Amino acid sequence: MTAMLTGTAGASPSEGGHGHGPGGLGPNVTVFDPSTPVEQIQAVLDATHAAQVDAEMGTARQAFLFKPGTYGTAEKPLQIKVGYYTEIAGLGASPTDVVINGKVEVYNRCLADGGTGNCLALVNFWRTLSNLTIDIDAAGQDGCRASANFWAVSQAVSLRRMNITGGGLSLMDYCTAGPQYASGGFIADSRLPATTNGSQQQWLTRDSEVESWSNAVWNQVFSGVVGAPADDTFPAPPYTTLDTTPLSREKPYLYVDSRGRYQVRVPSAKQNTRGVSWANGITPGRTLPLTDFFVATPADSEREINSQLARGKHLLLTPGVYDIDRTIEVKRPDTVVLGLGHATLTAVGGVVPIEVADVPGAIIAGVTIDAGLKESPALLRVGKKHGHGHSTPRNPATLSDVYFRVGGPHVGKTHIALEVNSDNVLIDHAWVWRGDHGVEGFTDTERWRTNTGRYGGVINGDHVTATGLFVEHFQRYNTVWNGEHGTTVLYQNELPYDPPTQADWMNGDVEGYAGYKVGDRVRNHTLYGGGVYVFNQNNPAIHTENGFEVPRRPGVRLHHIMTVNLNAGTIDHVVNGVGEAADTTKVGVPVYVTEYP
């Protein structure tokens, strides 16, 4: 019997794991069995990390899945390091079904002096860890590394359905020399030990349990977290704590049932949630057999994908980079589109890579969407503008771990990245990024003219909820929220680094565009925990009038917001003329507004 299967799922290699037959998960998925020698697993994962640790703009995509059981021992712990575009996930119905005796870690990336200097976590993007237990007691490390499980990451990294025991969790790597900056991240549905935030600037922890949480930098948001710190002395420390999460739906996940069959669990949407979803058994929801999915690889055409979706199939995107020259159309209610290993869709010829109809329950999860060389009107569109908005409060269309890139690995152009027109949509962790750096070889001035993205997120639907919305560097408003009764729980934004002149960064007669704009006609909107940063490195003389811009109405409320200067440029006010300037006299020192109005 083969205990470690590459490109298969519960089938021997001779059964054709590269095709679409039962259980086939494509060539870039490796499934481990508990009988696999730990040395063999370690060698595979070490080789992958060596290839991926510096592959920030690379094209390789990998998923490593662990069948139920225990991996590693106190004598031979399994020590996993996770690089770019790598997913590590358990295949249990519960996170306790897969146990890693050892660690699963991300360290600072060292960018200078042959990999010994300028060590930080600011660019540790695009990796996933989910659905397993880590017992740190068996880590087998000495000195500083023995002190915690290090998860030193920034945007587009999700940690979900984790059970971490036997030691501490640190969101900062304090063992690697050099500054340990990190810009913020996301945890959901996890049971955590004593956790050190360290140098993380902003962070959202949602629907989890935590033994304790130490320190904060600019804004730490807790929503529905048992053991979360109180926020009654904000901003000292800068904690924002919601007792429950207004609306949540956990991300779909792949698991193996008691008969060895592959299933996809699709959690139900819930209101006012708190704590982990798996405390009393399997996460509430529905189970879909993998045979209900069309299992796609980059070799499959969009015509075939759309044909399978139209027939009622769900879609599993195996790891890889897909060139999309015809829109993938999700038209049926309750359709699940699930990506493994950071499956990436790249727009070709100016298409919209994915469109979701005005239907309830559609889910897009684990997918990265890249702009292409020709401008797209949008990269992901949910519902038609002025459409019927048929998604429902009890079964919202949901986006989980959906990431967008305009530039970075190649030239990209889009008018809007994420456009939400339907009502009752849930955005649960999205990073919408116009690249401030990449491999294109541009100066900042060239990037401003070439990698064009006007708006990051445009929300036109009513009753849209965002839990963990990260939007950065777009050339007009990063986020425009036109729908009524919108709610955001943690918003993180950096204004664009690269406007060449003030004239390039003008909104009519107003200097610059706010990082978060609520439409002038909106009467009800709520934001919990938001930050807008400025770093106009291309022209430090540039001003932005306000970090946040909202209508002055009693139904529009902002709780715990801030602006901060990273070393260049100026934000004159936090919101609507209120708050001091974030300028170079207070680099790295946030300007807070506790409540507005």
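Extension gain for ASP46-LYS586 works out to 190.2 nm (0.36 nm per residue, less the C-alpha to C-alpha distance). Entry note: the stretch 110-171 has Rg to Rh equal to 1.02, where both radii use alpha-carbon atoms and Rh is the Kirkwood radius.
Rounded to the nearest 5, the antiparallel percentage of DSSP beta bridges internal to the chain is 15%.
For an R0 of 51 angstrom, estimate the FRET efficiency from the Cβ-Cβ distance between VAL578 and ARG259 and round to the nearest 0.05. Kindly include the intermediate steps, with their values, before the conclusion.
Details: r = 61 Å, r/R0 = 1.19.
The computed FRET efficiency comes out at 0.25.
The DSSP beta bridges internal to the stretch 303-401 are antiparallel in roughly 5% of cases. How much FRET efficiency would the formula 1/(1 + (r/R0)^6) give for GLN537 and SER214, where r is the Cβ-Cβ distance and R0 is 41 Å, rounded to 0.05? The calculated FRET efficiency here is 0.80.
Normalised Debye scattering of the chain at q = 0.06 Å⁻¹ gives log10 I(q)/I(0) of -0.27, counting only Cα atoms as equal scatterers and leaving out solvent. In terms of overall dimensions, the C-alpha atoms belonging to the stretch 34-243 reach 51, 43, 34 Å along their principal axes, ordered largest to smallest.
Can you tell me the dipole magnitude for the stretch 34-243 around its Cα centre, using point charges on the Cβ only (Lys, Arg +1; Asp, Glu -1), in Debye to the nearest 20? Please list the in-between numbers first.
Working: 12 positive and 20 negative charges, 79 e Å.
So the dipole magnitude of the stretch 34-243 works out to roughly 380 debye.
On full extension of the chain, what length is gained from MET57 through ARG332, given 0.36 nm per residue of separation minus the C-alpha to C-alpha distance? Please report the intermediate quantities before stating the final value.
Values: separation 275, 0.36 × 275 = 99.00 nm, distance 3.41 nm.
This chain segment gains 95.6 nm when fully extended.
Packing-based ranking of 112-124, 505-517 yields 505-517, 112-124, ordered from highest to lowest mean Cβ neighbour count within 10 Å.
Annotation: peptides 277-286, 262-271, 395-404, ranked by per-residue average of other Cβ atoms within 10 Å with the highest first, follow the order 395-404, 262-271, 277-286. Using alpha-carbon positions, what is the distance between the centroids of the stretch 207-225 and the stretch 531-584, in Å? Their Cα centres are 25 Å away from one another.
Pop the C-beta distance of ASN118 and GLN502 into the FRET formula with R0 = 22 Å and round what comes out to the nearest 0.05. Don't jump to the answer; show the numbers that get you there.
On the way: r = 31 Å, r/R0 = 1.41.
Efficiency at R0 = 22 Å is approximately 0.10.
Summarising the label geometry, the points placed 7 Å from Cα in the beta-carbon direction at LEU373 and GLU511 lie 4.0 nm from one another. Between ILE561, THR452, ALA582, whose Cα lies farthest towards the positive end of the dipole of the stretch 451-583 when Lys and Arg beta carbons carry +1 and Asp and Glu beta carbons carry -1, centred on the Cα centre? Result: ILE561, furthest along the dipole toward the positive end. Computed about the Cα centre, the dipole magnitude for the chain is approximately 1360 debye when only Lys and Arg (+1) and Asp and Glu (-1) carry charge, each at its Cβ.
When the chain is fully extended, how far beyond the present Cα-Cα distance does GLN141 get from ASP232, taking 0.36 nm per residue of separation? Intermediate results must be reported in sequence, preceding the final value.
Numbers: separation 91, 0.36 × 91 = 32.76 nm, distance 3.88 nm.
Residue separation times 0.36 nm, minus the Cα-Cα distance, leaves 28.9 nm.
No lab work stands behind these numbers, since they all come straight from the coordinates. Please read all numbers here as calculations on a predicted model, not as lab measurements. Because the Cβ atoms are built from the backbone with ideal geometry, glycine has one as well, and the counts that use them run over all protein chains shown.
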